[in-house]
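Below: the structure, in structure tokens.
The values are calculated or read from the model by the stated rules, or taken from the named source; none is laboratory data. Just so we're clear, the structure is a prediction, and the values are computed from it rather than from any experiment. Counting neighbours? That spans all protein chains shown, and the Cβs are built from the backbone with ideal geometry, glycine included. In case anyone asks, the SASA skips ligands and DNA or RNA and just uses the protein heavy atoms, side chains included. Shrake-Rupley method; radii C 1.70, N 1.55, O 1.52, S 1.80 Å.
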Amino acid sequence: MNKKNIVLSLATAGLAFGLVLLLPGSELPTHVAPSVSDGLDTAPMQAVSQKTQPDADAQVRAAADSTLAYPAIAQTEEAMWAAPVNVATKVGVTTERSARPSLSPAKSKSVNATAGDLPRAARAKMSGPVQALALAGGSQPVDVVVRYDEHPELFESGRIEALGGEIVRSFEVLEMQTIRLPAAALVELALDDHVERVSLDDVISATSVSSRLAANKPTTVSDNIAFSGTGVGIAILDSGISQHPDLDDQVRQYSFLSGQYPQPVVENGEIVAFNDDTREDNYGHGTHVAGIIAGIGAESADEYSGSAKGVSLLSMQVLDGDGNGSMSDVMAALDWLLQYGQYFNIRVVNLSLGKGISESNTTDPLVAAVEALWDQGVVVVVAAGNLGSAGPMTVKSPGNSRKAITVGSLTDAGTGDYADDYVSSFSSRGPTIADHVLKPDLVAPGNRLIAAISNGSKLLMQLPERVRPCQGISSCTAEYLELSGTSMATPMVAAAAALMLEKDPTLNPATVKARLMRSARKIGAGPTDAGAGVLDMDAALNETGVVAGDALSPLLQRDEDTNAILVEDTGALWGDVDWGAASLWADGYLWADGYLWADGYLWADGYLWADGYLWADGYLWADGYLWADAVDGADPLYDPQASSVNLADDQ
């Protein structure tokens, strides 16, 4: 296959599955909203044409033209990210969470940046989308997340007002703020010495018995049958958790929608007033995730129960009734957990959501918030995304974090025979765009899982053919729903982590991740498809070994002289040869028999990697079109705008 054919096939796949490929001279899509999706087949593509202000298209196209004309610098963010792709609906758009005020252009005292005069000092601090907006300039309001070198509470409000902007959200722990200001003021904002990074506030969307068998949940023949996650708290950042007979009535919920930041009252190290919100889940996604983790199967004769019935759940509502939210709302919930998570004994966080990758994981503010929790000792489990049908480099953020446990989906035929299981066609593949991190870390059952659903929820109404009635109950008051996606696989791994932490509360997040990966059941799929293999709960509970560091997911690298694909040696990376590649991934012995390259990378045989022959092509690794995609927020498994809903999962 020659280079031209490769690019053509990738472009076709991108258009078919929601990736926006922007080629020189092509038209910029104006009605696709970038979204953070749960990785479920329920991450919707949001139509926003009716909300776009009249001059937004012209400004975005101007930004696109300017960015394409701007001289590309090899290996810089401009080269890896075609900035206009995800900008279209962030200029002058009114979101559901709040109306954007009309900010007066007269207040702006900044430079109206045009192509060729964007200061290098400002450009270096901006993500690709923000660069495009700064080049376009104008008075249209833009929401950005700004990271500072210290907490900005005491010094930033006056300057933002002078720039014609306002502070939308502040964080208690994270040294960041969400700011709304005219695009023309972005350059002056970035030039301040205290500002380290300016990123777009992306939109975020919500991404059974046989599944428990496929994940090898401990049974009566195992000594681990006694573990149910008792004493372990799991925070679920999602659309909420409704009341359901399968779920504990004592679950508390806090909403972070529309700029909310709940404040429990703490005295003498204890919460004396929870100040929590009424439990609700108008979308249904969060309730389903909760059921996969902790459902007791009350109305299904235990058939649709979760894997960690003893855990304590905490609902953090960051997605609305349509499954949409903002990156800053998710970050606010993570920031809240940094303060108050200890009072709920939160040891695990489940993020069945994600957003398109628009910058490196070293500067992505959502990744930074996730890793702050990880560093505090909390295991963070994240959905990979549902863009796998489009090929490699489709993992979403924050699944591109090297620390977090990123989960793909396994399709289990339900026959009890592992031989017919395979990585779900929709499960996002690695490596990650821009950073080339080897992801996912492992896969878990995620195709057609049945769990609790909230009565009257949007998903229940839109997917009547997926409703499953109660089992063996004469007075049924609730229903169950069958859903698919990496959103459903993620809580399987979160539940496993809770069982491990109940068995040994001293485990750090890195050790939990490492044990899950080494114990995973190996299958005949490449590491960028299946990660280290399939979740094996019982084996993970029996694993030993400790990682003192962070268990960073390894990087991939292409050797320019030989076109060989190299993988970072986890034995050296994790500080112990027992955690080497041969122990973590299937057919590890084929990795050149452990031959270590001088720079700490192992040679990875192309046959071990899905489409490995494509990756050896330098065109896809330098500044290829895949790098320009930036993985928009559309999810091919669920489009609520369609006249009828047909989940494109594995039958």
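Based on the Cβ-Cβ distance from TYR418 to GLN250, what FRET efficiency comes out when R0 is 60 Å, to the nearest 0.05? The pair TYR418/GLN250 has a calculated efficiency of 0.95. Comparing Cα centroids, segment 221-276 and segment 430-471 end up 21 angstrom apart.
Taking segment 168-204 and a reference point 7 angstrom along Cα→Cβ of ASP322, the backbone N atoms nearer than 15 Å belong to 203-204. Computing the accessible area with a 1.4 Å probe over protein heavy atoms, can you report the carbon and sulfur percentage for segment 138-178? Of the solvent-accessible surface of segment 138-178, carbon and sulfur hold 45 percent.
Quick check: convex hull of the Cα atoms in segment 247-314, volume per residue, rounded to a whole Å³? All intermediate terms of the calculation are to be shown ahead of the outcome.
Working: hull volume 7.3 nm³, N = 68.
Measuring per residue, one finds 107 Å³ for the Cα hull of segment 247-314.
Quick one: with all protein chains in place, what share of the accessible area of segment 319-460 is carbon or sulfur, to the nearest percent (1.4 Å probe)? Let's see the in-between values first.
Working: 1160 of 2640 Å².
That share works out to 44 percent.
Taking every Cα-Cα distance in segment 450-574 and sorting them into 5 Å bins starting at zero, the pair-distance distribution P(r) comes out as 2, 9, 14, 15, 14, 11, 11, 10, 7, 4, 2, 1, 0, 0 percent. Among the listed pairs LYS439/LYS522; LYS125/LYS513; LYS309/LYS396; LYS355/LYS503; LYS458/LYS513, those whose Cα-Cα separation exceeds 26 Å are LYS125/LYS513; LYS309/LYS396; LYS355/LYS503; LYS458/LYS513. What number, in percent, do you get for the relative contact order of segment 308-442 if the mean sequence gap of Cα pairs under 8 Å and at least 6 apart is divided by its residue count? Normalised by residue count, the contact order of segment 308-442 is 21 percent.
For segment 385-427, the alpha carbon convex hull comes to 85 Å³ per residue, rounded to a whole number.
Ratio of Rg to Rh for segment 287-418: 0.99 [Cα atoms; Kirkwood radius as inverse mean 1/r over pairs].
Loop-resident chymotrypsin sites (Phe, Trp or Tyr not before Pro) (DSSP state other than H, G, I, E or B) in segment 308-385 with no more than 13 further Cβ atoms inside 10 Å of their Cβ are absent.
Convex hull volume per residue, computed on the Cα atoms of segment 205-356, equals 123 Å³.
The label-point distance for GLU196 and GLU150, in a model that sets each label 7 Å from Cα toward Cβ, rounds to 1.4 nm.
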